[in-house]
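FYI, it's all coordinate maths here, none of it is from the lab. Computed from a prediction, not measured in an experiment: that's the story for all the values here. All Cβ positions, even for glycine, are placed from backbone atoms using ideal geometry, and neighbour counts span all protein chains on display.
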Amino acid sequence: MSLEQNLTDQERLANLGLDELKQLVGLVSYDDSADPFPVTGWDAVEWVVGNATQSAHFFQSALGMELVAYSGPETGNRDHHAYVLKSGAVRFVVKGAVTPGSPLLDHHRRRGDGVVDIALEVPDVDRCVEHARAQGATVVEEPHDVSDEHGTLRVAAIATYGDTRHSLVDRSRYQGPYRPGYGARASSYTKRPDAPNRLFQALDHVVGNVEMGRMDEWVDFYHRVMGFTNMAEFIGDDIATEYSALMSKVVANGNHRVKFPLNEPAVGRKKSQIDEYLEFYQGPGAQHLALATNDILRTVDCLRAEGVEFLATPDSYYEDPQLRARIGEVRVPIEELQKRGILVDRDEDGYLLQIFTKPIGDRPTVFFEFIERHGSLGFGKGNFRALFEALEREQERRGNF
Ligand SMILES: [Fe+2]
């Protein structure tokens, strides 16, 4: 049986169908029988932040997410607060220290707000760990059961770039709101009466920034340890502006739910955006999370109304006759995209619409992308130059260029 036949529990709860997921995130069929490390999809993205209580509010009020579970002193966790937020099939867990001696504070002092765990749902935790270990991966948490009145979760974790980890989670015997130690918690935040149900439905990809010269090592890690393969879009060393450069390659799991572009800086005349990230995050880490929406125009309008800031796209981008010729017809007049600063890219399979926020924390590190796919399984290669020039303008304003 191939895994893509099975919707994940999160997708089922979010009323997402297979056809919708094919469009949203490019889900594909594949035969998992020969996969040494079968991955069903995303489980959760765990963040460490300076103030989880306020970040959880931002994720609800600005990003339209819903609070579903909580762990903290009231549930017996004296070390930190953790808020579990959902939007469609996307699950974020936001953690912030309560006690001055919390190890989360060491992490936060070094790196600021960021992603610490890109957790994946797998059907067989032990098999994955056994394979990962045989391939030389660092197992940071051995497979074990955690149980409460809602059932048993089997979990383990392996290390990836920087101190980021991949928890591997089998939820098939667990019915609780997140994990043992967490209690269900409803939001005290009331959405505006005209607000859409949710602003995004699924996580499309998570980009990792790694040090210069190490991208291929991590591509190899995902191939060897996790059985990932290169996506059709395989980007060479042609991503450069006049001033800075980077290289990027994309790996994906069998059903393409989980996609990891990996970036490394390349030598340019000035400091690249990847160098700036590595400096302020003090090493490799997750750079951006792409959230899939089926109506990017409405999503962007709602986000802007709540004060979310995006990278500006110059009018020249939309007026460029080459761009107009390349993208052809899309579902809305190009002026509608221009009004909102939404980028568009087309390849042989279709097109995509995308936009990038400014960094969401205090450091120039992690940010979001919103993406609406129409057949294209790419990552907006045609926009890289326009995007990087916009990033460089921001970098210059910060004095880091
Ligand atoms: Fe992206």
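Worth pointing out:
- Rounded to whole Hz, the Karplus (6.51, -1.76, 1.60) HN-Hα couplings of segment 40-48, x for glycine and proline: 7, x, 6, 9, 6, 10, 9, 10, 10
- Amide H contacts of residue 246 (H built 1.01 Å from N, in plane; Pro and chain starts excluded): 239, 266 sit under 5 Å, all sequence-distant by 5 or more or on other chains.
- The angle between the Cα long axis of helix 384-397 and the main principal axis of the chain comes to about 80°, on a 0 to 90 degree scale.
- Antiparallel bridges, percent of DSSP beta bridges restricted to segment 36-184 (to nearest 5): 85 percent
- Amide H to amide H, with H built 1.01 Å from N, residue 228 comes under 5 Å of 223, counting only residues 5 or more places away or on other chains.
- Taking a straight Cα-Cα cut-off under 15 Å and skipping sequence neighbours fewer than 8 places away in the same chain, the aspartates and glutamates within cross-link reach of residue 358 are 113, 276, 306, 309, 369, 389, 392, 394, 396.
- Max mean-square fluctuation residue, GNM over the chain, Cα-Cα springs under 10 Å, options 145, 275, 320: 320
- Using θ = phi - 60° and Karplus 6.51 cos²θ - 1.76 cosθ + 1.60, couplings along segment 274-289 (whole Hz; Gly, Pro as x): 6, 4, 4, 4, 4, 5, 7, 8, 6, x, x, x, 6, 8, 9, 10
- Placing unit charges on the Cβ atoms only, positive for Lys and Arg and negative for Asp and Glu, gives the chain a dipole magnitude near 860 debye about its Cα centre.
- Highest mobility in the GNM of the chain, judged by mean-square fluctuation with C-alpha springs under 10 Å and restricted to 334, 296, 118, is found for 334.
- Sorted by Cβ neighbour density within 10 Å, fewest at the top, the residues 203, 153, 105: 105, 153, 203
- Excluding the site residues themselves, the longest part of the chain lacking any GluC sites (Glu not before Pro) in a DSSP loop with at most 16 other Cβ atoms within 10 Å is 1-148.
- Here the sum of -39500 (n - 2.57) over DSSP H runs of 4 or more residues, divided by the residues of the chain, equals -7000 deg cm²/dmol at 222 nm, to the nearest 500.
- Prolate/oblate/rounded call for segment 36-184, Cα gyration tensor, a/c under 1.5 rounded: prolate
- Taking 164, 229 and counting other C-beta atoms within 10 Å, the order from fewest to most: 229, 164
- Taken about its Cα centre, segment 202-397 carries a charge dipole of about 240 debye when Lys and Arg each add +1 at the Cβ and Asp and Glu each add -1 at the Cβ.
- For segment 202-397, with +1 on Lys and Arg beta carbons and -1 on Asp and Glu, the positive-most of 280, 225, 245 along the dipole: 225
- Selection from 181, 202, 254 lying farthest towards where the dipole of the chain points positive, charges on Cβ: 181
- Under 5 Å, built H, 5+ apart or other chain: amide partners of residue 140: 157, 158, 159
- When each of 95/259; 22/339; 191/339; 22/191; 86/191 is checked by Cα-Cα distance, pairs over 22 Å: 95/259; 22/339; 191/339; 22/191
- Ranking of 188, 147 by neighbouring Cβ atoms within 10 Å, starting from the fewest: 188, 147.
- Alpha-carbon centroid distance for the pair segment 248-323 / segment 50-102, whole angstrom: 24 Å
- In a DSSP loop and with at most 12 other Cβ atoms within 10 Å, there are no trypsin sites (Lys or Arg not before Pro) in segment 355-391.
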